[in-house]
1. Any idea how many residues of segment 1-35 are among the hydrophobic types (A, V, I, L, M, F, W, C) and in contact with a helix residue (DSSP H, G or I) (Cβ under 7 Å, 6 or more places away or on another chain)?
2. Hey, can you tell me all the residues within segment 50-64 that are more than 20 Å from M1 (Cβ to Cβ) and under 17 Å from the mean Cα position of the chain (by Cα)?
3. Select, from K83, K96, the only residue that is at pLDDT below 95 and assigned to a loop (DSSP other than H, G, I, E, B).
4. In segment 1-41, what residues are in a loop (DSSP other than H, G, I, E, B), within 17 Å of T60 (Cα to Cα) and of a type in the set (F, W, Y)?
5. Give segment 4-51 a look and list any residue that's touching a Gly at 6+ places or on another chain (Cβ under 9 Å) and open to solvent by 60 Å² or more (accessible area, probe 1.4 Å), or say none.
Amino acid sequence: MFGDLTSKAGLEALNHHLSKKTFIDGWTASQADVSVYRALLRNPGSEYPHVSRFYRQFSTYSDGELRNLPETGNQTPITQPEKKQKTEKEQKVQEKETTTTTT
């Protein structure tokens with residue numbers, strides 16, 4: 001996917017990918033991230049800021065935590081639930097309650 005991560009071309013490809021994403025595959029950390037992290041060997045430094053961020057993030061995980069990450073990162077992202085649109089009847093009831101309490 002990124003080629004040799006000890007080469008400039010591999011690091012550039014990974015840096016580009018991580019410029020738009022936090023993880024290699026999906027919305028959460030996974031074994032794909034562990035594979036890339038282990039292939040890096042070291043933090044590449046400021047020349048590759050997104051790879052450096054990724055490396056620092058995964059260097060905080062213990063070996064046990066890395067082993068226990070799921071195979072894929074395709075879990076659904078955590079999002080805010082959509083607000084339910086009020087029906088016309090609900091809006092009228094709310095308006096009536098508001099005018100009743102203010103008079």
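The values are calculated or read from the model by the stated rules, or taken from the named source; none is laboratory data. The structure displayed is predicted, hence computed values, not measured ones. So basically every Cβ, Gly included, is an ideal-geometry build from the backbone, and we count neighbours across all protein chains shown. What goes into the accessible areas is simple: the full protein's heavy atoms, side chains included, and nothing from ligands, DNA or RNA. Shrake-Rupley method; radii C 1.70, N 1.55, O 1.52, S 1.80 Å.
1. Restricting attention to segment 1-35, the residues satisfying the condition of being among the hydrophobic types (A, V, I, L, M, F, W, C) are 1-2, 5, 9, 11, 13-14, 18, 23-24, 27, 29, 32, 34.
Next cut, in contact with a helix residue (DSSP H, G or I) (Cβ under 7 Å, 6 or more places away or on another chain) only: 2, 5, 11, 14, 18, 23-24, 34.
Result for segment 1-35: 8.
2. Filtering segment 50-64 for residues more than 20 Å from M1 (Cβ to Cβ) gives 56, 59-64.
Residues satisfying the conditions are R56, S59, T60, Y61.
3. Details: K96 fails: assigned to a loop (DSSP other than H, G, I, E, B).
Among K83, K96, only K83 is at pLDDT below 95 and assigned to a loop (DSSP other than H, G, I, E, B).
4. The answer is F23, and nothing else.
5. Those that are touching a Gly at 6+ places or on another chain (Cβ under 9 Å) and open to solvent by 60 Å² or more (accessible area, probe 1.4 Å): D4, A9, W27.
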